[in-house]
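The structure appears below as structure tokens.
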Amino acid sequence: MQSGIGDEVELKRFGIPLVQHLPGVGQSFQDHFVIFGCIWEYRQPTVIPNAARAVLSWKSHPRLDTPNIQIAQSDGGTIRSEMNELGLPANSWWSLAPGGVRPQSRGSLRLTGRGPRDPIQIEANMLSHPEDLEAAIASVELCRDVADSDALRPFNKRELMAGNLKGVELENFIRQRAVTYCHQTSTAKMGRDSMSVVDGRLKVYGVSNLRIADGSIMPRVTSGNTMAPCVVIGERAAELIKLEHAV
Ligand SMILES: Cc1cc2nc3c(=O)[nH]c(=O)nc-3n(C[C@H](O)[C@H](O)[C@H](O)COP(=O)(O)OP(=O)(O)OC[C@H]3O[C@@H](n4cnc5c(N)ncnc54)[C@H](O)[C@@H]3O)c2cc1C
């Protein structure tokens, strides 16, 4: 956008000379969300497992074609300090971090100025779509089911969070604790509609000799973590450039 490629109105706000009007630049933002977290006190203090040693992909509804929930064993966010405040040492509790990986919500990026040091304004719009909230609720409930399974119940003295919250209380718990999974994508999406920024060969519409090869070209965020798909996008870009220039 600061180079003059983006929505004309947005660029005009900062007096940036227009190179190519592309209204999709900075739009269609998607990310995964993670909720810190669901926590249980051990019956007996025990060895602390590594974070994310166990990860679970699951569907909140059988009609879905791919998992939309990702749950990781994790003690991130503010959990450690919260447990410290309760006087619970690190080996006395364990935690699952529920989350969503097939969001319907879309956000956007906006400029705050025309200089490269002007920070970007990120409107993540996380959990703005009702289906995302449903998935978030299902992911918290699934964590509770896992912890209450025959295999794990014997290890638990008591549930510390989320507890048996319902309705608005559960929604508030989720909204207060949901944060980015750091998997931001889709703000220069590939496609053919008016909000698309690159074509199937990663070329920016209306600008010659410019390709994009990163997470921003994903039409929607992948249902798994984003690092490996970004590597694939990079590899594909290299192939396309080699083909075009016969190298
Ligand atoms: C804290 C954290 C943890 C993560 N953990 C995982 C994980 O466990 N598993 C997983 O799959 N994914 C993980 N991710 C996500 C993953 O790292 C990203 O999805 C992926 O790296 C994005 O790749 P990218 O090429 O789109 O962008 P980036 O990797 O961000 O690459 C962008 C590059 O562009 C450079 N750059 C920026 N501006 C300019 C400029 N003006 N001129 C020149 N260069 C510029 C940057 O320095 C950077 O090197 C994590 C992300 C974060 C932040």
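Results for (1) surrounded by 14 or more Cβ atoms within 10 Å (Cβ to Cβ); (2) under 27 Å from S128 (Cβ atoms), shown as yes or no for each residue.
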{"position": "I16", "(1), (2)": "yes, no"}
{"position": "Q27", "(1), (2)": "yes, yes"}
{"position": "E41", "(1), (2)": "yes, no"}
{"position": "R63", "(1), (2)": "no, yes"}
{"position": "A72", "(1), (2)": "yes, yes"}
{"position": "N84", "(1), (2)": "no, no"}
{"position": "W94", "(1), (2)": "yes, no"}
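Could you list all residues from region 10-49 that are part of a helix (DSSP H, G or I) and over 20 Å from R106 (Cα atoms)?
L11, K12
Here is a yes/no grid of residues against (1) surrounded by 13 or more Cβ atoms within 10 Å (Cβ to Cβ); (2) within 20 Å of E8 (Cα to Cα); (3) within 14 Å of the ligand (Cβ to nearest atom):
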| position | (1), (2), (3) |
| --- | --- |
| T112 | no, yes, no |
| P119 | no, yes, yes |
| I137 | yes, no, no |
| N156 | yes, no, no |
| T187 | yes, yes, yes |
| D214 | yes, no, yes |
| M218 | yes, no, yes |
| V221 | yes, no, yes |
* Asked: Which condition does I79 not pass, out of (1) surrounded by 13 or more Cβ atoms within 10 Å (Cβ to Cβ); (2) modelled with pLDDT of 95 or more, if it passes all the others?
  -> (2)
* Condition met for P45 (away from the ligand (no atom under 16 Å from the Cβ), in contact with a helix residue (DSSP H, G or I) (Cβ under 6 Å, 6 or more places away or on another chain) and closer than 19 Å to L152 by Cα) -> yes
* To do: Specify which of the listed residues (R175, R144) is outside any loop (DSSP other than H, G, I, E, B) and within 19 Å of the chain's Cα centre (by Cα).
  => R175
* To do: Go through region 197-211 and give me each residue that's surrounded by fewer than 19 Cβ atoms within 10 Å (Cβ to Cβ) and assigned to a loop (DSSP other than H, G, I, E, B).
  => D199, G200, R201, Y205, G206, V207, S208, N209, L210
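The values are calculated or read from the model by the stated rules, or taken from the named source; none is laboratory data. Keep in mind the model is a prediction, meaning the values are calculated, not measured. A quick note on method: Cβ atoms are made from the backbone with ideal geometry, for glycine too, and the neighbour counts reach across all protein chains shown.
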